[in-house]
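First the structure, in the form of structure tokens, and then the observations on it.
The values are calculated or read from the model by the stated rules, or taken from the named source; none is laboratory data. Just so we're clear, the structure is a prediction, and the values are computed from it rather than from any experiment. Neighbour counts run over all protein chains shown; Cβ positions are idealised from the backbone, glycine included.
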């Protein structure tokens, strides 16, 4: 196995969503906590693309934000290239680690400051980290970066509103690359884009990965996109990883009933007329998640044990699966 | 094809601005038969939602239908007064929009909104209307409908809310439903449920659906025929199977190649360079020519109309020479429509 | 692109833009702007276009007191709008007085913007207890009329100052009192917009780069929350001018040796019923026109900068 660039262990993040103190006292409402991420562990090797996939509210974006330090974990450890980045203080001790990771956001319309010229947006990490000295040199470097992402150096003079969504996402990528990072966290980078533009951005990201040896943590709800870009995949449900491993294994021989359900729900472009298991129910509220295995109310294989006891991840072949049915070997065949 | 329920002829929607008119929908013609699902697919700015809005008479001013005809059952509806159109909307044409939250009034119970709509369009007492509302909620698959009937919209989850919106659109048993991105705001598992529901309604009630979406996958699952739109025009229209598997317009071809699929794992996706032109800068000739790998001289200057037969046609000059994607397997071109 | 081309570029953009168009097609706004600009310019260049320095006692002659405007029987061309009880030329006094009124207005709005925007930014960005403390203070203050707060501050400050410096610092005191009485509005608005901007991804991107909170607040968030500040600033300019006039009218504003518009009105009201109506009417009209045109400008700005109304 390649050596791990990012190690995540038992990562937990809770959000306090209680009503204000006064309301709690007067209306006698209890404190309530959302367990957005509830014990997630994975490793990303150098040069890999690890994708987290799941439906809205599963905590995948929270994991991304924990990794880059936009949130601090409630518990658990984050380790980047051997450096501890689990807390704000640990991060400030290991400043080098922060520069080596950057993030690409979902909404190309909100992720660029509308009052700034593109050149200043892209130059900001360069100026902040003092990577290049002098205005002329910075300008030259920004031009280089813009060309690397398929824009022209002259585009630096423009404001974000002069670009289309896809071009803005390119600017966003140029900014992320400006700090010469090794690791990019991509939070749904193409889900606000049209398919033809999505293809451009995905191709660009692959090209950059090859050229610069980047490692990606890729967040998406789109299984087809995830299949296309990743070397490894983790499927999340209500704050936990339910199944993770090599992409081919997860997609060709999914074991967790939730993974199977997700794969079954993808519209069939080939129109092969394959039968699909109807998908039942919706994601429950993360404020009050079901007992035991959080998936049991929607699971066709749920037993009393699933209702009572949360499954521990077990290693099956090249994947890890957290499911009692897998453990007890009562899983039906996958139609594949 | 059976007598069409909806006919759109040479529809043109314009937005007058200080700097001249922007053409959002440019010379579109299409038919929908009873019980048919016509998918209208395209990327943002293609004019697909505007086409839907024109049919239900809900174009935001200053936008307007500049020319063309819209006929429902042979009767023109594009020149009706606001009040006449309001009667048709809901009764004969239902609408489902992308965001279920904005389609429902957050201040009223679901029962009230349903009963009101039913009583506006049908001659029923309040009691009968309530019974029908309950029936509708059951029909769209809301569990414990008796109980949920008197809930407020915020008490429903996203998927359930979209079901309520569908129930609302079904109130007066319309013969046509315009569904604008009905599954876009929903998670994949919920999306599949809503698609199944729409398909069932369509076959059980012979309701025609115009399904406007950017998602080819949804179209493939749901539609009988599909119109691919680009820069306000129809690039290609035909049976779903044909369009997806034997695309004739280079744009459709590129679009299909750009969609990542599970199984076919190429290193890179087919990509169409550039992006959809803004309405302020639609190129001369074929609007797609700056992005088209097969563009030749004529494409730069002359705008192609739909060429092909009554079933499957594309607005591309390659169709003339028979060089387009799948043109070879269509026997005998009957010329432009 | 050099700085000159950039400026040209920006100007071209502006004149091509929606805001300029909306301005051009609103005749009321054009008239109000022309009027406000004329008044402000006249106030600035007052010494050049007036025959007399009304603040210089040496130039005043009591013999000229109560001269009527030029078009009445006793009017003389030397005093087009007549004179007051001290023999001040009213035309000169109004322009000199509006200098003080407008100057105090601008200065106090600027002060309140600096205080309000900074506190609003901090409250909105930092949140938590800091936010609660700042906003509760603002809430308490906003529940009193601005005039009352200004009066109170004015009184307290004057009492604190030694007698000798009271006259010289009178302007500073009044600017401070007015500025401190209107900042909560700016703080509230900026706090709201800051909370919206804070959640946007460009702010998160700046955090991932590693920028300090201060840099993010002032370099990223601030430029994006200034739109509404401009609107409130304009409307508050009118309010500040009125507040100053009111304070001066009540006799706690600027000293009577250097009368502002409010002082002139106060002086004039003593003579309103004895026949010398012009002493109160002309400063009154000037003040009303000034406040009205600035308000109209503010109203238009609010609409023009609000994309929902466009």
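Please verify whether residue A:311 is surrounded by 14 or more Cβ atoms within 10 Å (Cβ to Cβ), touching a helix residue (DSSP H, G or I) at 6+ places or on another chain (Cβ under 7 Å) and modelled with pLDDT of 90 or more, treating the condition exactly as stated. When the stated conditions are applied, residue A:311 passes them. Within region C:207-219, can one find any residue that is more than 14 Å from chain A (Cβ to nearest Cβ) and either in a helix (DSSP H, G or I) or touching a residue at least 40 places away in the same chain (Cβ under 8 Å) (or both)? Within region C:207-219 (the criterion being more than 14 Å from chain A (Cβ to nearest Cβ) and either in a helix (DSSP H, G or I) or touching a residue at least 40 places away in the same chain (Cβ under 8 Å) (or both)), the answer is no, since none of the residues qualifies. Under the condition of being surrounded by fewer than 12 Cβ atoms within 10 Å (Cβ to Cβ) and either within 23 Å of the chain's Cα centre (by Cα) or assigned to a helix (DSSP H, G or I) (or both), the residues counted in region C:157-183 number 6.
The condition (being closer than 28 Å to residue A:190 by Cα and in a helix (DSSP H, G or I)) is satisfied by just one residue among A:150, A:143: A:143. Only one entry in C:249, C:271 is over 23 Å from residue C:58 (Cα atoms) and more than 19 Å from the chain's Cα centre (by Cα), namely C:271.
Within region B:142-165, the set of residues being under 15 Å from residue A:285 (Cβ atoms) and outside any helix (DSSP H, G or I) comprises B:156, B:157.
If you go through region B:122-141 and pick out every residue that is surrounded by 15 or more Cβ atoms within 10 Å (Cβ to Cβ) and under 16 Å from residue B:112 (Cβ atoms), you end up with 7. Can residue A:241 be described as more than 27 Å from residue A:33 (Cβ to Cβ) and either touching a residue at least 24 places away in the same chain (Cβ under 8 Å) or in contact with a helix residue (DSSP H, G or I) (Cβ under 7 Å, 6 or more places away or on another chain) (or both)? Judged against the criteria, residue A:241 is not a match. One residue alone among C:139, C:89, C:131 is over 29 Å from residue C:39 (Cα atoms) and either touching a strand residue (DSSP E or B) at 6+ places or on another chain (Cβ under 8 Å) or surrounded by 14 or more Cβ atoms within 10 Å (Cβ to Cβ) (or both), and that residue is C:131. Summed over region A:160-191, the residues that are more than 30 Å from residue B:279 (Cβ to Cβ), within 20 Å of the chain's Cα centre (by Cα) and more than 11 Å from every other protein chain (Cβ to nearest Cβ) give a count of 4.
Filtering region A:244-256 to residues that are within 12 Å of another protein chain (Cβ to nearest Cβ) and touching a helix residue (DSSP H, G or I) at 6+ places or on another chain (Cβ under 8 Å) leaves A:247, A:250, A:251, A:254.
Being in contact with a strand residue (DSSP E or B) (Cβ under 9 Å, 6 or more places away or on another chain), crowded, with 16+ Cβ neighbours inside 10 Å and either assigned to a helix (DSSP H, G or I) or away from chain A (no Cβ under 14 Å) (or both) narrows it down to one residue among C:66, C:55; which is it?
Just a single option satisfies the conditions, and that option is C:66.
Taking the conditions (1) surrounded by fewer than 22 Cβ atoms within 10 Å (Cβ to Cβ); (2) in a helix (DSSP H, G or I) in turn, residue C:233 satisfies each one other than (1). Of the listed requirements (1) over 19 Å from residue A:284 (Cβ atoms); (2) in contact with a helix residue (DSSP H, G or I) (Cβ under 7 Å, 6 or more places away or on another chain); (3) touching a residue at least 60 places away in the same chain (Cβ under 8 Å), residue A:13 misses just one: (1).
Need a quick list: helices (runs of 4 or more DSSP H) entirely within region A:58-129 having at least 1 residues that are in contact with a strand residue (DSSP E or B) (Cβ under 7 Å, 6 or more places away or on another chain). Helices (runs of 4 or more DSSP H) meeting the threshold: A:60-68, A:88-93, A:95-99.
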